[in-house]
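Below is one structure, written out as structure tokens, with a few remarks after it.
The values are calculated or read from the model by the stated rules, or taken from the named source; none is laboratory data. Quantities reported herein were computed from a predicted structural model and do not represent experimental measurements. Positions of Cβ are backbone-derived with ideal geometry, glycine not excepted, and every protein chain shown enters the neighbour counts. We work out accessible area using only protein heavy atoms, side chains counted, and drop any ligands, DNA or RNA first. Shrake-Rupley method; radii C 1.70, N 1.55, O 1.52, S 1.80 Å.
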Amino acid sequence: MFRGLAADRDELPGLLEHVQAHAAALLKAVGEREVVPPPPSPLPAPAALPAGGAGARAALEEFARRWEPRLSSSAGPRYLGFVTGGVTPAALVGDWLTGAWDQNSNSSLDGAGQELERETLGWLRELFGLSVEHHGTFVSGATMSNTVGLAVAREWLGERLGVSPAEDGTGPLGRVRVLSGSPHSSVAKALSMLGLGRRALVRVPLLPGREAVDPAALEAALREADGPCVVVANAGTVNTVDFDDLKAIAALRERYGFWLHVDAAFGAFAALSPEHAHLVAGLDLADSLCVDLHKWLNVPYDSAVQFTRRRDLQAAVFQNSAAYLGPLGDTPDTVHLTPENSHRLRALAAWFTLYAYGRDGHREIVERCVACARALGEAIEELPGLRLLAPVRLNVVCFTLAGDPTADRLAELAGRLSREVFVTPTVYDGVPALRAAFSNWRTTDADVRRIVTALRDAPR
Ligand SMILES: *Cc1c(COP(=O)(O)O)cnc(C)c1O
């Protein structure tokens, strides 16, 4: 065995304690250090590949010296860019053990990992109010979850024409239309990967002053379409967290027969809060749906789930036949259900946090994030020079400058704030804006007060 490797093996308990102390210190400070440190200028050149290596302790020292100062505090309470969750203590424990156990949980030939995944998926199904007809799998993120859902949709379109796109390609499908009001950018990416093409996406008019689709306009688009359709409903848009009326859309499906995919990447968590659960009423009616876990469940990257009612079609798309893999059977192995073959025991972090805090704990996180977003929204309405662009429906505050809100001026403002609070730019209804998205379990009203102070004091 290579000398450095053997030395680390012999020293492993001490090494792990050393890393544990290091991680504990960084997490203790995560709420105080700069949220997004400014990049060094000029950027240092990449280091050369070491020849003999210096062992894991030296690697940690080098990482701490050269890279950690440049990493953002995205695990901390005032990183409000994109929609970024943190990591609950239990999720971190689960993630560490995922690496320690290093399972490839994709086959019943080595079944416990898959069983743990299925148990976790059952818990998640219950959390989001889904019926047992929905089968789930873990994937790396909502983009991959949307991709899997739309791949199943593609196979369903083929089934109606008596062909299998998984076997014969998309040619026989002709022109496919994917109708959606405010689709996330990942839907276009998924359509590109699936051979349906980004141009398959047809934007349906929205309700006035909203990001939710106008059901009457959707019906008109369905009536006009001369071929097969998929509808992507949005349960939680990224700018204003608006929700399509899922029940109304599902009612249209009775008449027009389309595949209903619901992108509920973070909006699904509204189901945990009795005050907001009505926003996702009808979620269970989806033919396929997407939920991110590295956002509001607060497990580490990269983790999401997809659910579908047609696991048979999912297996038709993703089956992976090889002599050494099991047959499909009634409960196909994970290797036959997702784009990946091998994958880590991704469910373990979710299992830990759900076991540790349960429905009540995760409900409290959701409700506190919503309360923080509301408080920030109310404060922004009072701050001179700023303007709220949309009502705070759930956990995102979309705001802009009261006068002359150009993208450049907003980028400057975001840059000035970024040591204290990180927000990301957007354009809402043609107006350049900033978004503050609350989805980290660490965030409290004390953070909101700090954010308000930073906004008040930032020159603009
Ligand atoms: C974040 C998000 C996605 C993409 O998620 P990734 O985890 O980055 O792949 C898709 N849809 C919506 C609504 C999202 O918020």
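Most simply put, the stretch 104-343 has about 45% antiparallel DSSP beta bridges, counting only bridges with both residues inside it.
Please calculate how many Å² of accessible area the stretch 101-222 carries per residue, with a 1.4 Å probe and no DNA, RNA or ligand atoms counted.
In whole numbers, the stretch 101-222 has 43 Å² accessible per residue.
Computed over the stretch 89-205, relative contact order equals 17 percent, with contacts defined as Cα pairs under 8 Å that lie 6+ residues apart. Less than 5 angstrom separates the built amide H of Leu179 from those of Val202, Val230, Val231, Val232, all sequence-distant by 5 or more or on a different chain.
I need the calculated FRET efficiency for the pair Trp101 and Glu412, taking r as the beta carbon distance and R₀ as 41 Å, to the nearest 0.05. Efficiency, from the Cβ-Cβ distance: 0.30.
Note on Ala51 and Arg160: with the Förster distance fixed at 41 Å, the Cβ-Cβ geometry gives a FRET efficiency of about 0.10.
Taking the charge dipole of the chain about its Cα centre, with +1 at Lys and Arg Cβ atoms and -1 at Asp and Glu Cβ atoms, the residue from Leu222, Leu92, Gly385 reaching farthest to the positive side is Gly385. When the label point is put 7 Å from the Cα of Phe2 along its Cα-to-beta-carbon vector, which residues of the stretch 46-67 have a backbone N closer than 18 Å? Once the point is set 7 Å along Cα→Cβ of Phe2, 47-63 turn out to lie under 18 Å by backbone N, inside the stretch 46-67.
What is the percent carbon and sulfur in the accessible area of the chain, measuring with a 1.4 Å probe over the protein chains and ignoring ligands? Don't jump to the answer; show the numbers that get you there.
Numbers: 11520 of 20780 Å².
Its accessible area is 55 percent carbon and sulfur atoms.
Under 22 Å of direct C-alpha separation, and excluding same-chain neighbours fewer than eight residues apart, Lys295 reaches these lysines: Lys28, Lys189.
For Tyr428, the residues whose amide H sits under 5 Å from its own are Ala433, ignoring neighbours fewer than 5 places away on the same chain, with H placed 1.01 Å from N. Between Phe82 and Met193, residue separation times 0.36 nm minus the direct Cα-Cα distance comes to 37.7 nm. Loop-resident GluC sites (Glu not before Pro) (DSSP state other than H, G, I, E or B) in the stretch 1-73 with no more than 16 further Cβ atoms inside 10 Å of their Cβ: Glu11, Glu32, Glu34.
The HN-Hα couplings worked out from phi for the stretch 37-54 by the Karplus form 6.51 cos²θ - 1.76 cosθ + 1.60 (θ = phi - 60°) are x, x, x, x, 9, x, 5, x, 6, x, 6, 7, 5, x, 7, x, x, 10 Hz, whole numbers, x standing for Gly and Pro. Whole-Hz Karplus values for the stretch 163-177 come out as 10, 10, x, 4, 8, 10, x, 8, x, x, 6, x, 7, 9, 10 Hz, taken residue by residue from phi with 6.51 cos²θ - 1.76 cosθ + 1.60 and θ = phi - 60°; glycine and proline positions read x. At full extension, Asp404 and Leu12 could sit 135.3 nm farther apart than now, given 0.36 nm per residue minus the alpha carbon distance.
For Ser342, the accessible area of its heavy atoms, probed at 1.4 Å with every protein chain present, is near 80 square angstrom.
Look at the dipole of the stretch 104-343 built from charges on Cβ: of Leu150, Asn341, Leu285, the Cα furthest out on the positive end belongs to Leu150.
Rounded to the nearest 20, the size of the Cβ-charge dipole of the stretch 104-343 about its Cα centre is 720 debye, with Lys and Arg at +1 and Asp and Glu at -1. Extension gain, Ala29 to Arg223, is 64.2 nm, computed as 0.36 nm per intervening residue step minus the present C-alpha separation.
For a quick check of your reading of the filter: which GluC sites (Glu not before Pro) in the stretch 116-209 sit in a DSSP loop and have no more than 12 other Cβ atoms within 10 Å? Intermediate values should be presented prior to the final figure.
On the way: sites: Glu117, Glu119, Glu126, Glu133, Glu155, Glu159, Glu167; in loops: Glu133.
Answer by residue number: Glu133.
In terms of accessible area, using a 1.4 Å probe and ignoring ligands and nucleic acids, Met1, Met144 rank largest first as Met1, Met144.
Shown in residue order for the stretch 437-443 are the 3J(HN,Hα) couplings computed by the Karplus curve 6.51 cos²θ - 1.76 cosθ + 1.60 at θ = phi - 60°: 10, 9, 8, 9, 4, 7, 6 Hz (x for Gly and Pro).
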